[in-house]
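As structure tokens, the structure follows; a few thoughts come after it.
The values are calculated or read from the model by the stated rules, or taken from the named source; none is laboratory data. Keep in mind it's a predicted model, so treat the numbers as computed, not measured. Virtual Cβ from ideal backbone geometry, glycine too; neighbours counted across all protein chains shown.
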Amino acid sequence: MRQDPLQLSELLEPAVRSLGYELVGVEFRSGGEGGGLLRVYIDSEQGITADDCQTVSYQVSGVLDVEDPIPGHYTLEVSSPGYDRLLFTQQDYERFAGSLVKVRLGFPLDGRRRFKGRLQGLEGGNVVIEQDGAPVSLPLDQIEQARLVPEY
């Protein structure tokens with residue numbers, strides 16, 4: 001069973017925020033009979049430490065135990081978003097405009113599922129990136145995964 005990350009985010013966000021952290025996003029990957037993996041990404045202006053992850057993990061575990069939104073066995077992982085952070089929300093696409101991104105679509109667009117370019121922002125329900133000097137418009141609702149590409 002595939003869990004809706006948006007519903008999980010809505011469930012967990014108040015608990016994470018109450019501890020003073022930002023809930024960046026949630027991913028759930030089912031693992032068949034062996035259970036699944038629930039990843040919760042958090043951030044703060046001061047950055048994230050292992051102690052921060054442990055604190056949030058304890059709080060989130062309590063919410064998950066009470067609400068029980070995921071049937072069966074799964075592993076909870078709490079971490080910082082990292083330099084190659086995933087983009088989850090429309091606000092992420094606006095916030096990180098100008099950054100280099102990799103985008104993977106759920107279905108091919110013009111024969112391609114993978115794109116890499118400079119994020120321009122949102123335009124009419126589409127994520128716009130500049131790739132090879134030209135704008136490419138990618139339907140937001142077809143994005144399977146988007147992440148920042150670190151530039152050093």
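General observations
- Within segment 101-152, the set of residues being in a strand (DSSP E or B) and among the β-branched types (Val, Ile, Thr) comprises Val101, Val103, Val127, Val128, Ile129, Val136, Ile143.
- Residue check, Ser61 within 16 Å of the chain's Cα centre (by Cα), of a type in the set (Gly, Ala, Ser), in a helix (DSSP H, G or I) and not assigned by TED's automatic domain parsing to the domain that holds Ile129: no
- The numbered conditions (1) more than 17 Å from the chain's Cα centre (by Cα); (2) at pLDDT 95 or above; (3) not in a strand (DSSP E or B) are all true for Pro69 except (2).
- Meets criteria (part of a strand (DSSP E or B), crowded, with 16+ Cβ neighbours inside 10 Å, in contact with a Lys or Arg (Cβ under 8 Å, 6 or more places away or on another chain) and free of Cβ contacts under 8 Å to residues at least 40 places away in the same chain) for Ile42: no
- A search for C-beta distances below 8 Å between a residue of segment 67-86 that is at positive phi and not assigned by TED's automatic domain parsing to the domain that holds Glu22 and any residue that is in a strand (DSSP E or B) and not hydroxyl-bearing (Ser, Thr, Tyr), counting only pairs 6+ apart in sequence or on different chains, returns nothing.
- Residues that are touching a Lys or Arg at 6+ places or on another chain (Cβ under 9 Å) and farther than 20 Å from Gly125 by Cα do occur in segment 84-100, at least one of them.
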